[in-house]
Amino acid sequence: MSINMRNISMFAVMAVLFVIVGQLQSWSLSLAILNLCLISAIMALGVNIQWGYAGLLNVGVMGFAALGGVAGVLISTPPVPGAWEAGGGLMLMALVCFLITIALIIFAYAKLRGRARVWSITIIGIIGYFIARSFFDPAVDAIERFDSAATGFLGGLGMPIIFSWFVGGLLAAGAAWLVGKISLGLRSDYLAIATLGISEIIIAMMKNEDWLTRGVKNVIGLPRPVPYEVDIQQSEYWQGIAQSWGMSIIDLSSIVVKLSYAYLFTIVLLFVLYLSEKALNSPWGRMMRAIRDNETAAEAMGKDVKGRHLQVFILGSAVIGIAGAMLTTLDGQFTPASYQPLRFTFLIWVMVIVGGSGNNWGAVLGGFVIWFFWIEAEPMGLWLMDALTSGLAEDSPLREHLLKSAAHMRLMTMGIILLLVLRFTPRGLIPEK
């Protein structure tokens, strides 16, 4: 079997698995898994750009995804007039003080040298910090006190949430620039520790800065870029289709909404995949692979290794930020506590490793395979345990224990998939050419 036919057959197998889930469980569940697989594939593409192209070990994936999620809140939620009246002016003053402090630090860094530079930057930073906090702290107290049960934050711009996908990429890219300027000179293991720590800091801020994101109280009811189920259920057109197909209007409305999401997510995935492939096969992509394989030789040829690393780190993080904004859009809510850096960063990395590091199509396939089995591992495990213990009595302690253990099959399934892939196709399902 040729490589192309082998690759096509693996995607075809995934399609068959979705059909099986639709037939045996429900089409609504199958489409829900598909949407999450599409988002996971985009996130895996972002990590593949960093690791597969340049060998950068980013363990802070969830931090950049959380920034994308924040964009959904800042763009789509309507502003809260009472919160702006209570503390909006003071918050703007704090922002102005912060920006002036940054500008003065940059000016001092450019104009001064030696000890004068160090002392000037230190003094400017300390004074600017305390001045900004003198406005920031009372602003936060006033904003969070205003109707804290229902709002307690400033709100957003009230724009269509689909714009947040672009803004989420920009926020993640800006954070990546700052992180990269500080940490990209570190060795790979230190870079991993630094990115993980920064990810934890970002998520901790999301949980505690109620004035910005409501913190652990969450932001719910975000607007959708697709129709609502209730509107479809009240439409005579869709009621007629449901009747002609012999299905419930409730089931049909759920399927239509999920198909609409899948359509939007597929467009974004194909666009990102197209750009990634063009970049990988361009002179820039060949240069990045040369830097990845031998930094010393590339530097000797006059390549700006650190500059190119920063560039690819920003691009990969921007893609992750877009995926994070899409995930918030799909959920319709922003829940900072759900971002668990180690757990979900591990999943994204497994997607890249299983799919094939350095191959964009492999990253997409890995995203589909891993997330599909991450969701289906529990029902599959329950079915397996039920079959194995079918000969035991209903009140058997062993049967009860094994059935309860089915909920823990996910991590075991991920380990088995990873071990099998590393044993039989160590470079991934679709390896880099």
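Read-outs: derived from the displayed coordinates by stated rules, not from any lab. Just so we're clear, the structure is a prediction, and the values are computed from it rather than from any experiment. No Cβ is skipped: glycine too gets one built from the backbone with ideal geometry, and neighbour counts run over all protein chains shown.
Within the listed set Pro79, Pro283, Pro341, the residue fluctuating most in the Gaussian network model of the chain (springs between alpha-carbon atoms under 10 angstrom) is Pro283.
Residues His408, His309, ranked from the fewest to the most other C-beta atoms within 10 Å, line up as His408, His309. Taking Cα centroids, how far is region 155-228 from region 21-69 in Å? Region 155-228 and region 21-69 have Cα centres spaced 16 Å from each other.
Counting only alpha carbon atoms, the long axis of helix 236-245 and the longest principal axis of the chain meet at about 40°.
Each residue of region 268-280 was assigned a 3J(HN,Hα) from its phi angle through the Karplus expression (A = 6.51, B = -1.76, C = 1.60, θ = phi - 60°), giving 5, 4, 5, 5, 5, 5, 4, 5, 5, 5, 4, 5, 5 Hz with x at Gly and Pro. The HN-Hα couplings worked out from phi for region 83-94 by the Karplus form 6.51 cos²θ - 1.76 cosθ + 1.60 (θ = phi - 60°) are 5, 5, 5, 6, x, x, x, 5, 5, 5, 4, 4 Hz, whole numbers, x standing for Gly and Pro. Between Lys217, Lys207, Lys181, the Gaussian network model of the chain with springs among Cα atoms under 10 angstrom shows the greatest mean-square fluctuation at Lys181. Of the residues Tyr53, Tyr109, Tyr190, the one that moves most in a GNM of the chain with alpha-carbon contacts below 10 Å is Tyr109. Taking 8 Å as the Cα distance limit and 6 or more residues as the minimum spacing, I'd like the relative contact order of region 158-308 as a percentage. Result for region 158-308 is 16 percent. Annotation: for a label point projected 7 angstrom from Cα along Cα→Cβ of Ser26, no residues of region 326-350 have a backbone N closer than 16 Å.
For Leu411 and Ile100, the FRET efficiency from 1/(1 + (r/R0)^6), where r spans their Cβ atoms and R0 equals 41 Å, is about 0.25. In order along region 6-23, the phi-based Karplus estimate (6.51 cos²θ - 1.76 cosθ + 1.60, θ = phi - 60°) of 3J(HN,Hα) comes to 5, 5, 4, 5, 5, 5, 5, 4, 4, 4, 5, 4, 5, 5, 4, 4, x, 6 Hz; Gly and Pro are listed as x. Labels on offer are [x] 167; [y] 212; [z] 203, and the one holding volume of the Cα convex hull per residue in Å³ computed from this structure is [z].
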